[in-house]
Amino acid sequence: MMVRCMKDDSKGKSEEELSDLFRMFDKNADGYIDLDELKMMLQATGETITEDDIEELMKDGDKNNDGRIDYDEFLEFMKGVE
């Protein structure tokens, strides 16, 4: 459910808007979104989200399985490209 909402919210957004969103998630500005950053941002939305939900989002977004989401993975995930 949360994944669908995030992807639906990204529809129609420009790459510049998605870039801004990526920077909001990437709190330490290292070019990656790690599990802690993802958790912090999702909890800040006020939505009820479980640890399992957060881990599922990370798994869906982290295509190369390095434990973090880079910008290209983020764009792919947010645009709903499988």
With the structure loaded, tell me whether residue 54 is out of contact with any strand residue (DSSP E or B) (no Cβ under 9 Å at 6 or more places or on another chain), outside any loop (DSSP other than H, G, I, E, B) and of a type in the set (Val, Ile, Thr) or whether it fails that test. yes
Can you work out which of the residues in region 57-82 that are more than 22 Å from residue 14 (Cβ to Cβ) and either among the polar types (S, T, N, Q) or touching a strand residue (DSSP E or B) at 6+ places or on another chain (Cβ under 8 Å) (or both) is surrounded by the fewest Cβ atoms within 10 Å (Cβ to Cβ)? 65
Please verify whether residue 9 is modelled with pLDDT under 90 and in a helix (DSSP H, G or I), treating the condition exactly as stated. yes
Under the condition of being in contact (Cβ under 8 Å) with a residue 40 or more places away in the chain and not in a helix (DSSP H, G or I), which residue from region 23-51 is farthest from residue 13 (Cα to Cα)? 49
Unmet criterion (only one of (1) touching a helix residue (DSSP H, G or I) at 6+ places or on another chain (Cβ under 9 Å); (2) modelled with pLDDT of 85 or more; (3) aliphatic (A, V, I, L, M)) for residue 1: (2)
Among the listed residues 51, 47, which satisfies the condition of being modelled with pLDDT under 90, farther than 20 Å from residue 79 by Cβ, surrounded by fewer than 15 Cβ atoms within 10 Å (Cβ to Cβ) and not β-branched (Val, Ile, Thr)? 47
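The values are calculated or read from the model by the stated rules, or taken from the named source; none is laboratory data. The structure presented is a predicted model; accordingly, all values stated were derived computationally and were not measured. Note that we place each Cβ from the backbone using ideal geometry, even for glycine, and neighbour counts take in every protein chain shown.
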